[in-house]
Amino acid sequence: MPRPKSDLAALAVPKEDATLPATPPGIAEPKAYAHTLSLRLTAEQYRRLRRYVAQVEERQGRRLTHQALIEAALGEYLDRNGG
């Protein structure tokens, strides 16, 4: 005997653009990334990265992601080296 199909449509809540909250002031809109890269780190490099991020977060009192840190570092490197 086949299992009865559940009516999931009754559980779904439709999304409406008007109900989505606006991005709070001072927060950048999410970027539309075109490519994903992987970065291999040694255990020591990863520990240093985590320690650095924790120190910056403690000083600034706000969250810093590894993604944001690496993007900033890459941008500075490319600016310095004509990229």
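Summed over the range 13-52, residues that are modelled with pLDDT of 65 or more, among the small types (Gly, Ala, Ser) and either in a loop (DSSP other than H, G, I, E, B) or on the phi > 0 side of the Ramachandran plot (or both) total 5. Against the condition modelled with pLDDT of 95 or more, out of contact with any Lys or Arg (no Cβ under 8 Å at 6 or more places or on another chain) and surrounded by fewer than 10 Cβ atoms within 10 Å (Cβ to Cβ), how does residue 76 come out, does it pass? Considered against the rule, which asks whether it is modelled with pLDDT of 95 or more, out of contact with any Lys or Arg (no Cβ under 8 Å at 6 or more places or on another chain) and surrounded by fewer than 10 Cβ atoms within 10 Å (Cβ to Cβ), residue 76 comes out as no. Residue selection: residue 7 satisfies the criterion of being of a type in the set (Asp, Glu), out of contact with any Ser or Thr (no Cβ under 9 Å at 6 or more places or on another chain) and at pLDDT below 95.
The values are calculated or read from the model by the stated rules, or taken from the named source; none is laboratory data. Model, not experiment: these values are computed from the prediction. Virtual Cβ from ideal backbone geometry, glycine too; neighbours counted across all protein chains shown.
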